[in-house]
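Q: Structure in structure tokens, see below.
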Amino acid sequence: MIVTIDGPAGAGKSSIAHQVASQLAFEFLDTGALYRAATLAAIRAKLDLENADGLAEFVGSLELSWQDRSVRLGDEDVSELIRTPEVTKSIRFLADVPAVRAQLSQIQRDIAAGRDIVTEGRDQGAEVFPHAECKVFLTASPLERAKRRMRQLADSGRYVSLEDVLSAQNQRDLEDRMRDVGRLRAAEDAVVVNTDGMSPEEVLQQIVSLVRSRI
Ligand code: C5P
């Protein structure tokens, strides 16, 4: 069974998807981590990020894998290294290239094949897994998402103003929504969950109940 959880940055997809997977004893796949790892590799290789054909060829040569909820380049676990602002701001160069998306989407389908899995990203329900049994679109107002993100950063010792978080978030939202292929959108048959005013526990239980009703 495939459960897709899509939504904008800061909607809380990652932590919810993790917990839904754990509660149901499903596997979990963070597809943003694959985009991040490919971006990290391209930065390290000093590629011209404006060269779409070069990026597509490069991604085809990568040994990109997902094991035990962590992303690897060859034997190297890069799960931490992919969370830098430098990687975040360069992802769009790869994520905008249809030939890169096609390759990363295929990797995602290979990972999910034959498994019970919760996949999390932007295009999972609408494009990568159109036949998924359960699709969720998780969202929240921009202000609520920015506040959560600010608290998350503060917890890890980085203090950023709400204004700065909001403006970076608006920029990412725009990039994610305007992309020609793989843009952020709810699949027609997705259940939209707006988490404004809901506790994480309430969101978790709503999604777990939804998935159970489809098993
Ligand atoms: O989920 P996360 O914020 O780590 O994703 C990083 C970026 O990767 C997103 O802003 C988006 O541009 C891209 N992405 C994507 N398709 C996905 C997952 C992530 O284009 N399925």
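Q: What are the ³J(HN,Hα) couplings of the range 127-133, residue after residue, when phi is run through the Karplus curve with 6.51, -1.76, 1.60 and θ = phi - 60°? Round to Hz, x for glycine and proline.
A: My calculation for the range 127-133 gives 10, 7, 10, x, 9, 4, 6 Hz in order.
Q: Specify the inter-centroid distance of the range 35-55 and the range 151-215, based on alpha-carbon positions, in whole Å.
A: Cα centroid of the range 35-55 versus Cα centroid of the range 151-215: 26 Å apart.
Q: Order these peptides, 111-124, 155-168, 68-81, by their mean beta-carbon neighbour count within 10 angstrom, highest first.
A: Packing proxy ranking, top to bottom: 111-124, 68-81, 155-168.
Q: Right, here's the next one. Please identify, among Leu29, Leu104, Leu62, the residue showing maximal mean-square fluctuation in a Gaussian network model of the chain using a 10 angstrom Cα cutoff.
A: Looking only at Leu29, Leu104, Leu62, the biggest GNM fluctuation is shown by Leu62.
Q: Separate question: In the range 2-213, what % of DSSP beta bridges are antiparallel (nearest 5)?
A: 25
Q: Can you give me the % of accessible surface on the chain that is carbon or sulfur? Probe 1.4 Å, all protein chains present, nothing else counted.
A: Carbon with sulfur: 49 percent of the solvent-accessible area.
Q: Over all directions, what mean area does the Cα convex hull of the range 56-215 project, stated in square nanometres?
A: Over all viewing directions, the range 56-215 projects a mean Cα-hull area of 10.6 nm².
Q: Something else about it: Taking only protein heavy atoms and a 1.4 Å probe, what accessible area per residue, in Å², does the range 2-213 have with all protein chains in place?
A: I get 49 Å² per residue for this part.
Q: Something else about it: If you wrap a convex hull around the alpha carbons of the range 139-179, what volume per residue comes out, as a whole number of Å³?
A: In the range 139-179, the Cα hull volume divided by residue count equals 65 Å³.
Q: Rounded if a/c is under 1.5, else prolate if a/b beats b/c, else oblate: with a ≥ b ≥ c from the C-alpha gyration tensor eigenvalues square-rooted, which is the range 153-215?
A: oblate
Q: Next question. Within the chain, which whole H helices from DSSP have a Cα span along their axis of at least 18 Å and a mean Kyte-Doolittle hydropathy of 0.0 or more, if any?
A: Within the chain the helices that satisfy the rule are 31-44.
Q: Please report the Cα spread of the range 1-146 along all three principal axes, rounded to whole Å, starting with the longest.
A: Largest to smallest, the principal-axis extents are 40, 39, 26 Å.
Q: Magnitude of the Cβ-charge dipole of the chain, K/R +1 and D/E -1, about the Cα centre, nearest 20 debye?
A: 380
The values are calculated or read from the model by the stated rules, or taken from the named source; none is laboratory data. Predicted model only: the values in this text are computed from it and were never measured. Note that each Cβ is placed from the backbone with ideal geometry, even for glycine, and that neighbours are counted across all protein chains shown. Each accessible area value is taken on the protein alone, full model and side chains, heavy atoms only, with ligands, DNA and RNA left out. Shrake-Rupley method; radii C 1.70, N 1.55, O 1.52, S 1.80 Å.
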